[in-house]
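Each value in this text was obtained by applying a stated rule to the coordinates, not by laboratory testing. Bear in mind that the values here come from a model prediction, so they are computed numbers and not experimental data. Reconstructed Cβ throughout: ideal geometry from the backbone, glycine too, with neighbour counts over all protein chains shown.
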Amino acid sequence: MRELDESVDFLRRRGFGPAVLGVVLGSGLGQVAERGPVEVSVAFGEIPHFRIPGAEGHPGRMVLTQFGGVRAAVLQGRLHYYEGYSLQETVFPLRVLLRLGVRALVVTCAAGGLNPEWEPGELMAIVDHLNFMGDNPLRGPNLEEMGPRFPSLVDAYSPVLLKAAEEAASRLGLVLRRGVYAAVSGPSYETLAEARFLRWAGADAVGMSTVPEVIVARHAGVAVLGLACITNSLCREHAPDHREVLAVARAAAERLGHLLEESAAALVGGAGGGERR
Ligand code: HPA
């Protein structure tokens, strides 16, 4: 794809070397990119073919840094379907990131809690998902050079990466829940009936992102770890509020950063060479 090549060439000229770990930082979690020794940081607006995220809490930068000594390419912020982009447009920055040699991808997000036993501020490792966005980023002609027409999502979330994250969490004394993430288009938050329905369907958390990126990464054979920060509980009749979502995510970002640093070496070690690359 010509646009992908042009974006990748531009980033290489700006000093983006190869990176084995890819990280996408969701709402309120962007500060995690600035913990390590930042080598290069480029605004989305400077990169050819990149759109600029409009949502508050999404800086829109591509950063080359390290977590625990592991070279990582980071999307600091993402594009959302609810902004009016097609799903294909929202995943373009991720496809560029995957081209930098990424073997393991960590996708992070803020999410509304559906599990009544969980508290806002807790971190959840995603073990599976429900795609209720009503669309799929692979719809349309298949990009044969990236992956197959009908990729399996049975193994979407790597058990090896999950184990690496859980072991790192336990070394740090951090609580890391396990759960199913439901993706919806947004931007309105859920009605009480929708929240009940999603819980009944098997979801522990709901959000407006992440799943399209996971689909595209798995299409390319890249191993995925999903981490959601539960920013609000939908089990209570308390209306979610974007400012509150951002504040809770920002407060959890420190723990997420520790977890990435502590697990990074095992994540790239456990990712193998990628199945189809
Ligand atoms: N619903 C959907 N997306 C979200 C929520 C929510 O309650 N909180 C954070 N992202």
Positions within segment 228-251 being crowded, with 23+ Cβ neighbours inside 10 Å and closer than 25 Å to Gly68 by Cα, in sequence order:
Ala228, Cys229, Ile230, Ala249
The correct count of residues that are closer than 21 Å to Leu123 by Cβ and not in a helix (DSSP H, G or I) in segment 191-217 is 9
The residue that is farthest from Glu122 (Cα to Cα), considering only those in segment 224-251 that are of a type in the set (A, V, I, L, M, F, W, C), away from the ligand (no atom under 12 Å from the Cβ) and touching a Ser or Thr at 6+ places or on another chain (Cβ under 8 Å), is Val224
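Conditions tested, residue by residue: (1) in contact with a Phe, Trp or Tyr (Cβ under 8 Å, 6 or more places away or on another chain); (2) of a type outside the set (A, V, I, L, M); (3) more than 23 Å from Ala271 (Cβ to Cβ).
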| position | (1), (2), (3) |
| --- | --- |
| Leu4 | yes, no, no |
| Asp9 | no, yes, yes |
| Arg12 | no, yes, no |
| Pro18 | no, yes, no |
| Val24 | no, no, no |
| Leu29 | no, no, no |
| Gly36 | yes, yes, no |
Got a sec? Which of Gly186, Gly147 is touching a residue at least 60 places away in the same chain (Cβ under 8 Å) and within 16 Å of the ligand (Cβ to nearest atom)?
Gly186
When only residues in segment 33-62 that are surrounded by 24 or more Cβ atoms within 10 Å (Cβ to Cβ) and of a type in the set (A, V, I, L, M) count, which is farthest from the ligand (Cβ to nearest atom)?
Met62
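Do we have Val106 as out of contact with any Cys (no Cβ under 8 Å at 6 or more places or on another chain) and assigned to a helix (DSSP H, G or I) here? So that I can check it myself, show each step before the final result.
On the way: out of contact with any Cys (no Cβ under 8 Å at 6 or more places or on another chain): yes; assigned to a helix (DSSP H, G or I): no.
Judged against the criteria, Val106 is not a match.
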Please count how many residues of segment 195-223 are under 20 Å from Leu25 (Cα atoms), small (Gly, Ala, Ser) and near the ligand (Cβ under 10 Å from one of its atoms).
3
